[in-house]
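The values are calculated or read from the model by the stated rules, or taken from the named source; none is laboratory data. The structure displayed is predicted, hence computed values, not measured ones. FYI the Cβ positions are ideal-geometry reconstructions off the backbone, even for glycines, and counts take in every protein chain you see.
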Amino acid sequence: MLYGDNAVTLELGFGVLFPLALLAILFALGVPVWISLGLAGLGMLWLTGVLPLSLLGESLFNGIDAFALIAIPLYLATGDALVRSGLSNKLLAVADATMGSFRTGAGSSTTLGCGFFACISGSDAAGCAAVGRITYPRLVEKGYPPPYAAALIAAGSCTGILIPPSIAYIILGLVLGVPVTNLFIAAAIPGVLVLIGVMVTNVVINRIKGFENSHLGFSFRHWLNVVWDAKYALSIPTIILGGIYSGIFTPTEAAAVSVIVTLIIGFSTKKLIIQDISKMLESSAKVNGIIVPIIAVSLPLAQALALVEVPQAFVSMITHYTTSPVTIIFLMLAVFLVAGCFMEATPNIVILAPIMFPLAQAIGMNDLQFCVFMITSLGIGFITPPLGLNLFVIAGVTGQPILPIAWAVIPFVITMTVIALMTAFIPWLSIWAF
């Protein structure tokens, strides 16, 4: 039901506007995200008095005292172990054997390889770096222009936060109180759609530009041999997704099991040594050390915004001007796309989700549908300047300048935007299992 004319109006005082303005200024100055959010939250609590400052420490601790958050470093460690043990090469070999015989085989297998990695690490940047190092030289050798080859890898790697298990969905579930397992199930079809969309876009561009024309025939025997050779590598995503979707594991338990299985495989094949464990833990801790402080300091800010009724007032203001679900969906999409250009997914989730969620409910959007729509829209931000994390990662891996890659990635941005709108207008894509 839409909010009526008698709903709360958007009347924000100095205690709300000043911290929000301070937050924008700190972001513009390049101050670390967790410091900016922490100062804004502290300022809002102090100026509005909605919560005693004495409870701030308890609020920070309670915000990250969540079982689901343990999954984040575990999935990161699994992805790292996958690369160090050489199992990632096996997955890419399966992708190549599956798609390599098509006319655009190298590009399609690269995209499928990104999808395989997404089923394990839950991170865009990790997948982009791992897949890019292996597939970029081959794409260029096949005839792809270097900027376009880099753009294809960056776009395919966006599936890292779209295909479960996804760190973004874990954080969103924590912020909105939605079960992470349900989010993983809801995200399955839209995530695969994005993967297929990137693949099809590459095929169309190849038809127009003629970058690649593979003449290799498909051999079922060869495919079986490659799959058998990659049986240990394929067991990792099978354990994660199979365990979660069957109800055997929670997402966190699946992450723990996947780390153990990957380490066992790595040590048994002598691809890993004891010294690798400390390096894996260090790498996982570095990424986790960026994410968790942002979550911790963002939740008090979100609580303060809720207590001063900013989300309700925002909904009332929007629905005062329009009650059209179509218009509101396009408005939310615009907000997510713009936010994705300037901030990473984690701060966008913890800031925007509590504000946009009531607006989605006001137009009758299902909770799971909104979550999938939001993450799919924010995922586009990984390949849109000026932030575009995947663009910077792949530029560092390939040595290509950012600007040509950004131009080459435009068709993929359009495709992903269309799929994001499909998740907003076709509820079945995300709620088919519920």
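Quick notes
- Of the listed requirements (1) surrounded by fewer than 24 Cβ atoms within 10 Å (Cβ to Cβ); (2) out of contact with any Gly (no Cβ under 8 Å at 6 or more places or on another chain); (3) closer than 15 Å to residue 391 by Cα; (4) among the small types (Gly, Ala, Ser), residue 155 misses just one: (1).
- All conditions in (1) aliphatic (A, V, I, L, M); (2) over 16 Å from residue 351 (Cα atoms); (3) surrounded by 13 or more Cβ atoms within 10 Å (Cβ to Cβ); (4) at pLDDT below 85 hold for residue 53, with the sole exception of (3).
- Residues of the stretch 109-140 that turn out to be surrounded by fewer than 24 Cβ atoms within 10 Å (Cβ to Cβ) and within 18 Å of residue 408 (Cβ to Cβ), as a count: 4
- Screening residue 403 against (1) touching a residue at least 24 places away in the same chain (Cβ under 8 Å); (2) of a type outside the set (D, E, K, R); (3) surrounded by fewer than 22 Cβ atoms within 10 Å (Cβ to Cβ); (4) within 25 Å of residue 27 (Cα to Cα) leaves a single unmet condition, (1).
- Cβ pairs under 6 Å, 6+ apart, first in the stretch 35-60 and in a helix (DSSP H, G or I), second charged (D, E, K, R) and surrounded by fewer than 17 Cβ atoms within 10 Å (Cβ to Cβ): none
- Qualifying residue in the stretch 418-425 (condition: out of contact with any strand residue (DSSP E or B) (no Cβ under 8 Å at 6 or more places or on another chain), among the aromatic types (Phe, Trp, Tyr), touching a residue at least 60 places away in the same chain (Cβ under 8 Å) and surrounded by fewer than 17 Cβ atoms within 10 Å (Cβ to Cβ)): yes
- The listed residue being more than 16 Å from residue 288 (Cα to Cα), under 26 Å from the mean Cα position of the chain (by Cα) and modelled with pLDDT of 85 or more, out of 26, 74: 26
- Of the helices (runs of 4 or more DSSP H) that lie entirely inside the stretch 105-203, those containing 1 or more residues that are basic (Lys, Arg) span 124-142.
- Scanning the stretch 77-104 for residues that are more than 25 Å from the chain's Cα centre (by Cα) and assigned to a loop (DSSP other than H, G, I, E, B), we see that the one that is farthest from residue 262 (Cα to Cα) is 103.
- In the set (1) loosely packed, with under 14 Cβ neighbours inside 10 Å; (2) part of a helix (DSSP H, G or I); (3) more than 20 Å from the chain's Cα centre (by Cα), the condition left unmet by residue 248 is number (2).
- When residue 388 is tested against (1) in contact with a helix residue (DSSP H, G or I) (Cβ under 6 Å, 6 or more places away or on another chain); (2) modelled with pLDDT under 95; (3) over 30 Å from residue 313 (Cα atoms), only condition (1) is not met.
- Given (1) farther than 30 Å from residue 64 by Cβ; (2) at pLDDT below 85; (3) of a type in the set (Ser, Thr, Tyr), index of the condition residue 238 fails: (2)
- Matching entry among 177, 173, 143, 210 (being surrounded by fewer than 24 Cβ atoms within 10 Å (Cβ to Cβ), within 21 Å of the chain's Cα centre (by Cα), at pLDDT below 95 and more than 24 Å from residue 389 (Cβ to Cβ)): 177
- Residue satisfying condition, being modelled with pLDDT of 85 or more, under 30 Å from residue 51 (Cα atoms) and not small (Gly, Ala, Ser), within set 361, 303: 361
- The lone criterion from (1) in a helix (DSSP H, G or I); (2) surrounded by fewer than 17 Cβ atoms within 10 Å (Cβ to Cβ) left unmet by residue 217 is number (1).
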